[in-house]
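What follows is a single structure, written as structure tokens, with notes after it.
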Amino acid sequence: MSIVEISFVVEMMGELLHYVPVTLALAGGALLLAVVIGIAGSLMEQWGPYWLRRILAVYVLLGRAVPTMIMLYLVYFGLPLLLLALREEYGVTIIGMEKVPAFILALLALTLHTGAYLIKVFDSAFLSVDKGQLEAGLATGLSVWQSYRQIIFPQAFLYAIPLLGNQFLGLIKATSIVFVISVVEILGAAKVACAGSYRYLETYLAAALIYWGFSIVFEYLFIRAEKYWGYYRRGSEQLC
Amino acid sequence: MLMSVRHVSKKFAGVEVLKDVNLDVDKGDVVVVIGPSGSGKTTFLRCLDFLETADSGHLDFDNLHFDFHAADKKKIVALRKKTAFVFQNYNLFANKTALENVTLGLTVGRGIDKDEAEKLGRQALRKVGLLDKADYYPNQLSGGQQQRVGIARAIAVKPGVILFDEPTSALDPQLVGEVLLVMKQLAAEGITMIVVTHEMKFAQEAASKVVFMADGRVIEEGTPQEIFLTPKKERTKDFLKSVMPIEYGDPAILI
Amino acid sequence: MGTYFDFGYMIKSFPLLLSYVHITLGLTAAAAAGGLALGALLALAILKKIPVLAQLARIYISFMRGTPFLVQLFLFYFGLPELLIQLGFTAAHSVPGIIYVSLVFVLHMGGYGAELMRTAILAVPAGQREAALACGLSEWQSYRQVIFPQAIKIAADPLVNTIVSTLKDTSLVFNVGIIDMMRKADLLGANSQRNLELYIDTAIIYILLVLALHYGGKAVIRFLSRKREKAEVQEVEYC
């Protein structure tokens, strides 16, 4: 009997692939929500009132300092308690949220964690756009909002893409911890499978290979995306 | 009187960068502002378009009145729809083609229909000699070409006055000529311009009024002949000597 | 607010959880030391283009950076003993778990550290080496005098970030049976049902550790890089 039975690894990978949608949903969902937080947070840091800026500063610091695992537990234990308190003390019932599904809690935790990072990302993205671009937009008769929409956002976003790509890859890997609150994704399924087969090496290797594959594929896709959207950055060689 | 500026003052970090500056501009005037670095001429120009905020003074343009330190935001937008600004480092919109750069102020800024805007845009580009580069992105163009697109962007909106902030200072020497040529053309056509520049020849040849600024105030102003041939203030003479040593300098020094 | 949140319990449990912090710090320190050493070797293999080793190093780094840390933890903690037994090392299961866990940390940090150091060396402008050689320095001297010092400065910040990242990863080791503050919080919480308070405690501890390490690291970097800059620049320009 060989040390590592390849066929078993492949078989296991086939099984685990069924859980890829959960992983992608968590990672993709968290990224999208965090992007909203990132852009909104960054803009509010620039234009918002003093008290809001302080709160954001605290969020950005803590959101990145707290390990994702702890963030997960805090949301898992904290949110239902908060909802319960709201309901019993103030009679506020948020629709149907008696028992928040673990998936949502996991998504929320990942979003909060990533949001703090993305505020910093968009801070530097907006900073990377030369101040003169805004001035030129205003001087030509555009409003601040129009200038942002037409000129600043597109350039800031392009700058942010590689950083967003990194965060997405980080999220894919971060989803591997959510099984502790009973959300079954790739690693969770692997753990369950091991309880039956006791073939730890092959099973976890299969899981690792799936994640690895994802990393490689998505890294490639993000590089392509940056090239595609960065059409105006190419030099004098080609136009199209 | 198209534009009248009175008593503009500004302090920056405790230093007075503008001290009671006044200026009158008539339609068709080509006002060239010269002076040493730090004289406040660029700050003054930027204040006119509210890219900087002056501490005091007022501006009358068209039938709009502004108090610099407390100007109404809506009025500023209205002002910007009647004026245009050409920047020292061009500030072309990096993510838009040359044509798009020129038409953005028309379509998004003034709500002009896309086809009409494109027509006006191409006219402007043809005027600066860059119609064939309409679909090029700024980083595919040379500095001089970018600045000419910047000028096309300014003339396309048919402004009451165009403000030029040292338009050739960031250019390689070979490229300065093509931009000055376009500017001279515009001056000849009667476009009202306020130009801050170091190009003395341009001032001599195209200006209708020359303003010399130093240390934040206007030292002397007059026609090019008055300023260049018969400068009255010592400060003016010193400045001219330093920038045009051959014409104004003491012959003995040049050996 | 009493039944929802017990502030007193939170404060009372804090010192208890804090007493396990040595596990957290110990793992981080082992990871940093071992990982940097490993990373340096891997980076060297790739930069020097050593035939087989360079390719293996690249694959290794890709794996370590492309798979989740928790998966690596499970893989090595559960899978490695299995592998070792099959290879004849029957005592694999009697090795304390913390050894395997430390190993994973070193391997993980090694992958990230290698990538970091490799890009730092590549980031030093090629002209520096050329100028050094033109001044008469040997290859090795140019590395030691000119390139490494600059590479270290480039790598310093990312390195601190990676170590902080590793510190945060220690919050996962309770999953493989290590008794650290997380496991303790888990155990206490099962009894008292006061999980939120306990995890807020752990959050606070980690925040303090992270901030200390982050700002401490940056301070150390600033201190170390103060006097040397002028000397370096002169060396290359005026030799």
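Return an integer: the convex hull volume of the alpha-carbon atoms of the protein assembly as shown, in Å³ per residue. Kindly include the intermediate steps, with their values, before the conclusion.
Numbers: hull volume 176.6 nm³, N = 734.
That works out to 241 Å³ per residue.
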Fill in the blank from the handout: The distance between the Cα centres of region B:98-120 and region B:2-81, in whole Å, is 28
Completion exercise
Taking Cα atoms, the helix A:6-16 axis meets the longest principal axis of chain A at an angle in degrees (rounded to 10) of 60
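Quick one: ranking C:K184, B:K41 by accessible area, 1.4 Å probe, largest first, what do you get?
On the way: C:K184 45, B:K41 10 Å².
Largest to smallest exposure gives the sequence C:K184, B:K41.
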Problem - Which of A:I216, B:V128, B:V8, positive extreme of dipole for the protein assembly as shown (C-beta unit charges) - result: A:I216
Handout entry: Overall dimensions of chain B as given by Cα atoms, namely Rg and Dmax in Å
Key = 18.6, 63
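Where does the protein assembly as shown land at 222 nm, in deg cm²/dmol rounded to the nearest 500, when only DSSP H runs of n ≥ 4 count, each adding -39500 (n - 2.57), divided by all residues? Don't skip to the end; give the middle numbers.
Working: 31 runs with 458 residues, N = 734.
When only DSSP H runs of four or more count, the value is -20500 deg cm²/dmol.
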Problem - Distance in nm between pseudo-label sites at C:L133 and B:E189 (7 Å out along the Cβ direction from Cα) - result: 5.7
Handout entry: Estimated distance in nm for a label pair at C:A29 and C:Q145, the labels positioned 7 Å out from Cα along Cα-to-Cβ
Key = 3.7
Practice task
Report, in whole Å, the centroid distance computed from the Cα atoms of region A:183-197 and region A:130-156.
Solution key: 51
Fill in the blank from the handout: Measure of exposure for B:I155: accessible area at 1.4 Å probe, Å² rounded to 10, is 20
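In whole angstrom, how long is each semi-axis of the equivalent ellipsoid of region B:1-115, when you take the square root of 5 times every eigenvalue of its Cα gyration tensor and sort them from largest down? Write down the numbers at each step before the final one.
On the way: eigenvalues 147, 61, 41 Å².
So the equivalent ellipsoid measures 27, 18, 14 Å along its semi-axes.
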Exercise for the section: Could you list which residues have their amide H under 5 Å from that of B:R217, counting only those 5 or more apart in sequence or on another chain, with H placed in the peptide plane? Expected result: B:K19
Practice task
Please give the residues of region B:212-233, grouped as numeric ranges, whose backbone N is less than 17 Å from a label point set 7 Å along the Cα-to-Cβ vector of B:K11.
Solution key: B:216-217
Practice task
Net charge near B:Q145: determine it from the other residues with C-beta under 10 Å of the C-beta of B:Q145, scoring Lys and Arg +1 and Asp and Glu -1.
Solution key: +1
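What FRET efficiency comes out for the pair B:Q174/C:L47, r = Cβ-Cβ distance, R0 = 51 Å, nearest 0.05?
Working: r = 43 Å, r/R0 = 0.84.
Approximately 0.75, to the nearest 0.05.
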Practice task
Using a 10 Å cut-off on Cβ to Cβ distances, tally the other chain neighbours for every residue of B:88-97 and report the average as a whole number.
Solution key: 6
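Top to bottom by accessible area (1.4 Å), largest first, where do A:I210, C:I50 land?
Working: A:I210 10, C:I50 70 Å².
Descending order: C:I50, A:I210.
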Handout entry: Fraction in percent of alpha-carbon pairs per bin - 5 Å, region C:25-178
Key = 2, 9, 16, 18, 17, 14, 9, 6, 5, 3, 2, 0
Handout entry: Solvent-accessible surface (1.4 angstrom probe) belonging to B:Y136, in square angstrom, nearest 10
Key = 70
Exercise for the section: Quantify how much of the Cα-Cα distance distribution of region C:130-222 extends past 20 Å, in percent. Expected result: 58
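Under a point-charge model restricted to the Cβ atoms of Lys and Arg (+1) and Asp and Glu (-1), what is the dipole moment magnitude of the protein assembly as shown relative to its Cα centre, in debye to the nearest 20?
Numbers: 67 positive and 64 negative charges, 65 e Å.
Charge dipole, the protein assembly as shown, about its Cα centre: 320 debye, nearest 20.
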Problem - Between region C:157-218 and region A:6-27, the alpha-carbon center distance in angstrom - result: 29
Practice task
Run the dipole for chain C about the Cα centre, Lys and Arg Cβ at +1, Asp and Glu Cβ at -1, nothing else charged, and hand back the magnitude in debye, nearest 20.
Solution key: 380
Completion exercise
Once both label points are put 7 Å beyond Cα along the C-beta direction, the C:I179-A:R53 separation in nm becomes 5.0
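Quick one: dipole size for region A:6-239, taken about the Cα centre, charges +1 on Lys/Arg Cβ and -1 on Asp/Glu Cβ, in debye to the nearest 20. Walk me through the numbers on the way to the answer.
Working: 15 positive and 14 negative charges, 68 e Å.
Rounded to the nearest 20 debye, it is 320 debye.
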Fill in the blank from the handout: For C:K153 the rounded accessible area (nearest 10 Å², probe 1.4 Å, non-protein molecules ignored) is 80
Problem - Karplus-derived HN-Hα couplings along region C:76-87 (A = 6.51, B = -1.76, C = 1.60, θ = phi - 60°), whole Hz, x at Gly and Pro - result: 7, 6, 8, x, 5, x, 4, 4, 5, 4, 4, 7
Handout entry: Helix axis angle, C:195-224 relative to chain C longest principal axis, alpha carbon, degrees
Key = 20
Problem - Karplus 3J(HN,Hα) series, Hz, for region A:126-132 with 6.51 cos²θ - 1.76 cosθ + 1.60 (x for Gly, Pro) - result: 5, 5, 6, 7, 4, 4, x
Handout entry: Using alpha carbons only: equivalent-ellipsoid semi-axes of region A:6-239, gyration tensor based, whole Å
Key = 37, 28, 12
Problem - Partners for B:K19 among lysines (Cα-Cα distance below 25 Å; same-chain residues under 8 apart left out) - result: B:K10, B:K11, B:K41, B:K73, B:K75, B:K209, B:K232, B:K233, B:K237, B:K241
Exercise for the section: Mind checking which of C:V52, C:T3, C:A30 is farthest towards the positive end of region C:1-127's charge dipole, using Cβ charges of +1 (Lys, Arg) and -1 (Asp, Glu) about the Cα centre? Expected result: C:V52
Handout entry: Cα lying deepest toward the dipole's positive end in region A:1-140, options A:P21, A:A116, A:F8, charges on Cβ
Key = A:A116
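The values are calculated or read from the model by the stated rules, or taken from the named source; none is laboratory data. What you are looking at is a predicted structure, and each value in this text was computed from that prediction instead of being measured. As a convention, Cβ positions derive from the backbone with ideal geometry for all residues, glycine included, and neighbour counts pool all protein chains shown. Calculation scope for accessible area: heavy atoms of the full protein, side chains included, ligands and nucleic acids excluded. Shrake-Rupley method; radii C 1.70, N 1.55, O 1.52, S 1.80 Å.
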